[in-house]
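I have placed the structure first, in the form of structure tokens, so that the comments after it can refer back to it.
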Number of protein chains: 2
Amino acid sequence: MELYGERGFDQTTVAQIAERAELTERTFFRHFADKREVLFAGSGQLQDLLVQTVTDAPASAAPIDAVAAGIEAIGALLQESRGRAFARQRQSIVAASAELRERELNKMSSLAGALAGTLGERGVGEPAASLLAEIGIAVFRISFERWVSESRERDLRELMRESLGEVRSLTPEASRVPAAGGAPVRHAA
Amino acid sequence: MELYGERGFDQTTVAQIAERAELTERTFFRHFADKREVLFAGSGQLQDLLVQTVTDAPASAAPIDAVAAGIEAIGALLQESRGRAFARQRQSIVAASAELRERELNKMSSLAGALAGTLGERGVGEPAASLLAEIGIAVFRISFERWVSESRERDLRELMRESLGEVRSLTPEASRVPAAGGAPVRHAA
């Protein structure tokens, strides 16, 4: 990642990465399918942790609470293992390349797919499981972007809870109270 | 699209497409940036309609209702202009190619970005605008997939309303009622 930061993603070759890491190109390709994958190392581990946390949530937990536990667990891992300085550098490299942004969208789509499958195993039907998975991943991604870009560092899990609270209040259950101008209230004579 | 259906996307060349459409390759590239874009013709028009509909929603409409109006408008356009047989054929071509699935994710991400910007102009702050835009596009995409894949053809707007109803009930506003075991209710003596 150092090299991508120094030279830009497009200008960096696999040969240069292998040299910096003291590997042969052949060893490089044993670990990564292509040059892009270097920036997504660890995404399999994130997905496993997400799936495991949602699976382990108590059977009585509402689906949205199981999802919240899952994304908070991966947020905590990102925050505690590699930290914000790393995430910021990586984010600026990804943002600068159309190819990398595409790969990132792909990874998010895989996370959402795995999450939907896990919700299905918890008994959530379709399309509910897919919808909730997309919401969970959107909350994760948007909170992560805020965490990385805001000048003051905040707790990533706190940002996720805040965003999830926004989602809850932005999608109120359809009101069953008749709107003003509806059937007039009958007064007893 | 006929050719992609007959030969598969990977096996079809721009020269063959141009020949079938009675165009030169040069004219093809005046209309499409690459071979993939053929399958996303009309996506700019969809985005314009989405933005315009959300912009035109009454100022008094809740953000979620403005989003609902926007995605229903593009659903109606897809259903009425090219219909389900076309959508099914296109979907099976996209699903069979990793490159096309990636481009599709990109287009959905652009739609969500445009929708978030429009919500911002309606006075919705961040991260609410981005979250709601992602939810709207997830509802659109998942409803579209159901519309295409279910054996019985249903109304696409009805599917969207159903999914939006699911989202509303899956994300209940955090209850402010103390949970069982919380502070006991005081009874008047």
Exercise for the section: Restrict the check to region A:92-108 and report whether at least one residue is within 8 Å of chain B (Cβ to nearest Cβ), out of contact with any Cys (no Cβ under 7 Å at 6 or more places or on another chain), without any contact (Cβ under 8 Å) to a residue 12 or more places away in the chain and of a type in the set (S, T, N, Q). Expected result: yes
Handout entry: Options A:58, A:63; residue that is surrounded by fewer than 17 Cβ atoms within 10 Å (Cβ to Cβ), closer than 19 Å to residue A:121 by Cβ and out of contact with any strand residue (DSSP E or B) (no Cβ under 6 Å at 6 or more places or on another chain)
Key = A:58
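Okay, residues lined up against (1) under 23 Å from the mean Cα position of the chain (by Cα); (2) surrounded by 15 or more Cβ atoms within 10 Å (Cβ to Cβ); (3) among the charged types (D, E, K, R):
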site	(1), (2), (3)
B:2	no, no, yes
B:9	yes, yes, no
B:12	no, yes, no
B:19	no, no, yes
B:27	no, no, no
Handout entry: Boolean, residue B:172 is out of contact with any Pro (no Cβ under 8 Å at 6 or more places or on another chain) and modelled with pLDDT under 90
Key = yes
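Yes/no per residue for (1) without any contact (Cβ under 8 Å) to a residue 40 or more places away in the chain; (2) crowded, with 16+ Cβ neighbours inside 10 Å; (3) away from chain A (no Cβ under 14 Å):
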position: B:70; (1), (2), (3): no, yes, yes
position: B:81; (1), (2), (3): yes, no, yes
position: B:85; (1), (2), (3): yes, no, yes
position: B:112; (1), (2), (3): yes, yes, no
position: B:119; (1), (2), (3): no, yes, no
position: B:125; (1), (2), (3): yes, no, no
position: B:128; (1), (2), (3): no, yes, no
position: B:140; (1), (2), (3): no, yes, no
position: B:150; (1), (2), (3): yes, no, no
Handout entry: Failed criterion for residue A:146 (all others in (1) in contact (Cβ under 8 Å) with a residue 40 or more places away in the chain; (2) within 10 Å of chain B (Cβ to nearest Cβ); (3) more than 26 Å from residue B:104 (Cβ to Cβ) hold)
Key = (1)
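The values are calculated or read from the model by the stated rules, or taken from the named source; none is laboratory data. Being a predicted model, the structure only gives us computed values, none of them experimental. For neighbour counting, all protein chains shown are included, and Cβ atoms are generated from backbone atoms with ideal geometry for every residue, glycine included.
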